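Asks: Here you go, one structure.
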Amino acid sequence: MFDDSQDPSDECLRRAATRRAVLKTALGLGLSLPFLEVVVAATDDSRDAPPKVGDRFVFVLGDRKGEVIKAEDLALGGPQQLAYPMDPTSKIVRDGSRLNEVVLIRLDPEQLTRETRANAAEGVVAYSAICTHQGCDVSQWKSEQRTLLCVCHGAEYDPRDRAKVVAGPAPRRLAMLPIKIEEGVLVVAGAFTGRPGFREM
Ligand code: FES
């Protein structure tokens, strides 16, 4: 079961505290503002920072672990691929928090709802991999139903319709991560549309 101690709001508070500590120390040393901006930017460039616009995705498992994922790596019609975002400059993989774990799946764009297509890229959609029921990984694909399945208690989500819950005990849909494609590579295009994780808001 997922440890929800990694609540995004907790992470925000922790990062804010880190920023304050860095600024306080740097100001005490008489450092200039441009230098401080560089230092503060570096604190955001961490393994547990949430996905940022421009991040790439890398494989989490298997022979290709750590490789950047292209749209063509995903089979049309599923199954999903587990992935973490990666900063393209520092090459830091944001695997310090499970809340950054996403599933990528490539579907027929014509089958996506209008709202889903708005955050998809040529039929590829990205969702939080954390089941909103009790935090297991949404790890299975039901090809007949074309739903994402959490095997812990049977929650199913429809990736064609912003991962709405279509079966099982999950209380809410998976958070969607907007994406785009640049030179064939999948790229983060915005923040999660909802809150990843399983605790009720
Ligand atoms: Fe996914 Fe219960 S944790 S269905």
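The values are calculated or read from the model by the stated rules, or taken from the named source; none is laboratory data. Keep in mind the model is a prediction, meaning the values are calculated, not measured. FYI the Cβ positions are ideal-geometry reconstructions off the backbone, even for glycines, and counts take in every protein chain you see. Each accessible area value is taken on the protein alone, full model and side chains, heavy atoms only, with ligands, DNA and RNA left out. Shrake-Rupley method; radii C 1.70, N 1.55, O 1.52, S 1.80 Å.
Asks: Return the pairs, sorted by first residue and then second, in which the second residue is open to solvent by less than 10 Å² (accessible area, probe 1.4 Å) and assigned to a helix (DSSP H, G or I), the first residue lies in segment 147-170 and is at negative phi and of a type in the set (Lys, Arg), the beta carbons are less than 9 Å apart, and the residues are 6+ apart or on different chains.
Replies: Filtered contacts from segment 147-170: Arg160/Thr116.
Asks: Could you check segment 122-145 and list, in sequence order, the residues that are more than 16 Å from the ligand (Cβ to nearest atom) and open to solvent by less than 10 Å² (accessible area, probe 1.4 Å)?
Replies: Initial filter on segment 122-145 (more than 16 Å from the ligand (Cβ to nearest atom)): 122-126, 143-144.
Once the filter is applied, which keeps residues that are more than 16 Å from the ligand (Cβ to nearest atom) and open to solvent by less than 10 Å² (accessible area, probe 1.4 Å), segment 122-145 yields Gly123, Val124, Val125, Ala126.
Asks: Among the residues of segment 117-140, write down those that are within 15 Å of the chain's Cα centre (by Cα) and among the charged types (D, E, K, R).
Replies: Asp137
Asks: With (1) away from the ligand (no atom under 13 Å from the Cβ); (2) crowded, with 18+ Cβ neighbours inside 10 Å as the list, and Lys180 as the residue in question, which single condition is left unmet?
Replies: (2)
Asks: So is Leu61 modelled with pLDDT under 95 and open to solvent by 60 Å² or more (accessible area, probe 1.4 Å) or not? Please lay out each step first, then the result.
Replies: Values: modelled with pLDDT under 95: yes; open to solvent by 60 Å² or more (accessible area, probe 1.4 Å): yes.
Criteria met by Leu61.
Asks: Please specify each residue of segment 78-112 satisfying the condition of being within 13 Å of Arg160 (Cβ to Cβ), more than 16 Å from the chain's Cα centre (by Cα) and open to solvent by 40 Å² or more (accessible area, probe 1.4 Å).
Replies: Asp108, Pro109, Glu110, Gln111
Asks: Say we look at segment 146-169 and pick out the residues that are open to solvent by less than 40 Å² (accessible area, probe 1.4 Å) and more than 18 Å from Leu82 (Cβ to Cβ); which of these is nearest to the ligand (Cβ to nearest atom)? Break it down into steps so the answer makes sense when it comes.
Replies: Step one: of segment 146-169, the residues open to solvent by less than 40 Å² (accessible area, probe 1.4 Å) are 147-150, 154-159, 161, 163, 167.
Narrowing the set further to residues that are more than 18 Å from Leu82 (Cβ to Cβ) leaves 154, 158, 161, 167.
Details: Gly154: 6, Asp158: 15, Asp161: 18, Ala167: 10 Å.
My answer is Gly154.
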